[in-house]
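Beneath this line is the structure, given in structure tokens, with notes to follow.
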Ligand code: DX5
Ligand code: ZN
């Protein structure tokens, strides 16, 4: 059964409480919180202060996706804000191993995200140190984009690498997940489905989450 992680980027920021309550009363497993700095990605979203509000609104796992440069400057602030996990981008980290160790030492789970162009092979010598790989299935920065089909091939490759090394690393797919493509994503070997628009723009978000959960 997939872990469902709705992306709050697509929520209604004028009425976040309603959306948080909706998720709390649904079968959503995680809150996926997208942090953007306007440098690593061409958009700005929110930082630790808002993550802290989300933290207070739920007992669900807060999965924080950092689309920022120099994540080492903010890891502690996100820990204080209540993040359960920090996912950092390989493309944004010159010293990825050091960044991973920092996040772990702060007592959080750690994920590494790859942009669509980054080969999964590059994870070979770091896979044993992390809890999750986030494969971007769109170019990061915005919700509501279309799923890049080549991601399916990357999921299969990564799943093989994880199995070969007998590791317990989750594969999260982020971007363009829909009720139509979710099954092929799960069949390829994914564990976590992020869904922004598919959940929040649907007529009945709770039912959509339920449908994703039952894929
Ligand atoms: C994109 C973000 C995603 C995004 C997903 O940069 O990392 O989490 O909100 O939104 P959808 O599901 O609408 O593609
Ligand atoms: Zn994300």
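Only the coordinates and a few stated rules stand behind these numbers; no lab work does. Quick caveat: nothing in here was measured; it's all calculated off a predicted structure. Positions of Cβ are generated from backbone atoms using ideal geometry, with glycine treated the same way; all protein chains shown enter the neighbour counts.
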Extension gain from residue 24 to residue 122, taking 0.36 nm per residue of separation minus the Cα-Cα distance:
31.6 nm
Per the helix-only model, the chain has a calculated mean residue ellipticity at 222 nm (DSSP H runs of ≥4, -39500 (n - 2.57) each, divided over all residues, rounded to the nearest 500) of -9000 deg cm²/dmol
Prolate/oblate/rounded label for the stretch 3-213 (Cα gyration tensor, a/c 1.5):
oblate
Please identify, among 78, 142, 53, the residue showing maximal mean-square fluctuation in a Gaussian network model of the chain using a 10 angstrom Cα cutoff.
53
Picking from 204, 174, 84, which is most flexible by a Gaussian network model of the chain using Cα springs under 10 Å?
204
Quick one: length gained pulling residue 46 to residue 95 fully straight, 0.36 nm per residue minus the C-alpha distance?
15.2 nm
Once you put a point 7 Å from the Cα of residue 1 and another 7 Å from the Cα of residue 202, both along the Cβ direction, what distance in nm separates them?
1.6
Gaussian network model of the chain, Cα within-10 Å springs - most flexible of 100, 173, 50:
50
Could you tell me how many cubic angstrom of Cα convex hull volume the stretch 110-156 has per residue?
79
Please report Rg (one decimal) and Dmax (integer) in Å for the Cα set of the stretch 1-104.
13.7, 40
Relative contact order, percent, the chain [alpha-carbon distance under 8 Å, six or more residues apart]:
23
